[in-house]
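I have placed the structure first, in the form of structure tokens, so that the comments after it can refer back to it.
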Amino acid sequence: MKEKLTIEKAKKISAEYLNKVEDKRLREFLLIHSSKVAEISILIGKVKKLDIESLEIAGFVHDIGYFISEHDHPKNSLDILVKKKFEIDEKLKDCVLNHGANDEPQTEEGKIFQIADKISILDQETLSIFLNDKPLTKEEKEFLAMMLSKASMFLSRL
Ligand SMILES: [Fe+2]
């Protein structure tokens, strides 16, 4: 018997798994990032009359797979939800699996979610994690540059 994944459960799972990410900066980023992506996908989703609940849930759970590894984290995130026997519809699956910069989401929710994942980075709270206490590493610079370039590219799709 599958269990319904509610927004409350998604928030709890998000905190549970993201708090296990070892790197402090990455952990702090992912915690803030996940709720920002949820917020921004709701904003866009409302205007486009999409499934807001799936978008919000996806925001919280799409990066939980980072706790295993960054590589393949979308698939890891989905695997965690499958193992926990949650109901996963096509929209949620598309959002989680295809949020990467080079993926091609199939559903309208997935397309919006991919955009929200990138443009959410343009936010003081998110950037302050990277700019706060120590210089950016080469990897962090590359990550931010990738997110920002994709954000500007994806904005034109809205
Ligand atoms: Fe993300």
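The values are calculated or read from the model by the stated rules, or taken from the named source; none is laboratory data. Keep in mind that what you see is a predicted model, and the values were worked out from it rather than measured. Cβ: placed from backbone, ideal geometry, glycine included. Neighbour counts: every protein chain shown.
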Of the residues Leu50, Leu78, Leu18, Leu5, only one is under 13 Å from Gly110 (Cα atoms), modelled with pLDDT of 95 or more, among the aliphatic types (A, V, I, L, M) and more than 10 Å from the chain's Cα centre (by Cα); which? Leu50
Can you confirm whether the range 78-94 contains a residue that is among the aromatic types (Phe, Trp, Tyr), out of contact with any Phe, Trp or Tyr (no Cβ under 8 Å at 6 or more places or on another chain) and farther than 16 Å from Leu30 by Cα? yes
Among the numbered criteria (1) more than 13 Å from the ligand (Cβ to nearest atom); (2) at pLDDT below 95, which single criterion is violated by Lys85? (2)
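Got at least one residue in the range 32-43 being in a loop (DSSP other than H, G, I, E, B), buried (at least 22 other Cβ atoms within 10 Å of the Cβ) and within 15 Å of the ligand (Cβ to nearest atom)? Show your work before the answer.
Step one: of the range 32-43, the residues in a loop (DSSP other than H, G, I, E, B) are none.
No, because not a single residue in the range 32-43 is in a loop (DSSP other than H, G, I, E, B), buried (at least 22 other Cβ atoms within 10 Å of the Cβ) and within 15 Å of the ligand (Cβ to nearest atom).
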Restricting the range 51-78 to residues that are part of a loop (DSSP other than H, G, I, E, B) and surrounded by fewer than 21 Cβ atoms within 10 Å (Cβ to Cβ), the residue that is farthest from the ligand (Cβ to nearest atom): Asp51
Matching residues in the range 107-146 - criterion: being surrounded by 14 or more Cβ atoms within 10 Å (Cβ to Cβ) and of a type outside the set (A, V, I, L, M, F, W, C): Thr107, Glu108, Glu109, Gly110, Lys111, Gln114, Asp117, Lys118, Ser120, Asp123, Thr126, Glu140
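Going through Lys84, Lys111 one at a time, which residue ends up being of a type in the set (Lys, Arg) and farther than 26 Å from Glu3 by Cβ?
It is Lys111.
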